[in-house]
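The block underneath contains the structure these notes are about, expressed in structure tokens.
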Amino acid sequence: MPHPLDDILGPMAPFAIGLLDELAALDIPLARPEIDHLCYRAASQEEYLALRGILAEAGSLLVEGMIGGRPIATYRFAQPLCFAWRGEPLSVPCIELAAPKPGRSHKAGLEHIELVVADLAALVAAHPALPFKTGNMASLRNPDVALMLASGQVKFHLRPLSAVIEEELATDAVVPVPADYFSRQS
């Protein structure tokens with residue numbers, strides 16, 4: 001079933017299904033995958049600002065903060081992305097919008113999905129031949145591992161992003177976007 005934002009962001013369900021199919025082909029067990037969010041990367045500050053307004057109308061802003069040197073905003077969809085994969089109904093509640101990193105060129109589009117798993121170390125150990133990126137595995141707040149696939153990236157973490165955001169907000173851990181950030185980047 002198409003999502004109302006598919007015309008703007010690209011077909012989200014086929015993107016997620018394609019990544020799940022690639023994971024299954026690698027024998028990564030996905031009995032009932034929990035995709036807690038998708039990420040769309042904007043190619044320009046102007047695109048980021050325009051999409052920020054569109055996503056605010058299509059859901060509620062959970063947080064916007066500086067991550068990796070650029071703003072990232074996370075929204076809870078008013079209408080979750082719903083689709084079936086291998087007969088299992090899945091629902092994705094959130095979308096992350098990433099601004100481009102200063103000084104870098106980025107292609108606009110859906111970039112990754114994130115799956116909640118029980119044990120990152122066990123996942124990596126069970127698939128030693130796969131080139132997992134493990135640099136964030138020791139993070140205290142939101143450890144993750146990532147795997148680049150042909151149609152995009154899949155990140156695995158231990159709890160839903162919305163729970164991480166709740167904790168960050170409660171502990172004042174969100175780094176605010178400077179008031180002049182977008183005017184400085186022009």
Need one value: the accessible area of Met148 in square angstrom, 1.4 angstrom probe, rounded to the nearest 10. 110 Å²
With every protein chain kept in the model, how would you rank Ser105, Ser162 by accessible area, 1.4 Å probe, largest at the top? Ser105, Ser162
Prolate/oblate/rounded label for the stretch 1-139 (Cα gyration tensor, a/c 1.5): oblate
Pop the C-beta distance of Ser44 and Ala179 into the FRET formula with R0 = 22 Å and round what comes out to the nearest 0.05. 0.65
SASA check, Val174, accessible area w/ 1.4 Å probe, all protein chains in place, rounded to nearest 10 Å², comes out at 40 Å²
Amide H within-cut-off set for Val63, under 5 Å, with H built and near neighbours excluded: Thr74
Ranked by GNM mean-square fluctuation in the chain (Cα springs under 10 Å), the top entry among Ala122, Ala146, Ala16 is Ala122
Sorted by accessible area with a 1.4 angstrom probe, largest first, how do Lys107, Lys155 fall? Lys107, Lys155
With a 1.4 Å probe and all protein chains kept in place, how much accessible area does Val117 have, in Å² rounded to the nearest 10? 40 Å²
Can you pull the percent of the chain's accessible area that's carbon plus sulfur, 1.4 Å probe, other chains left in place? 57 percent
Solvent-accessible heavy-atom area per residue, rounded to whole Å², over the chain at 1.4 Å: 50 Å²
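The values are calculated or read from the model by the stated rules, or taken from the named source; none is laboratory data. Since the model is a prediction, treat every value here as computed from it, not as a measurement. Don't worry about glycine lacking a Cβ; one is built from the backbone with ideal geometry, like all the others, and counts go over all protein chains shown. Side chains included, ligands, DNA and RNA excluded: accessible areas come from the protein's heavy atoms. Shrake-Rupley method; radii C 1.70, N 1.55, O 1.52, S 1.80 Å.
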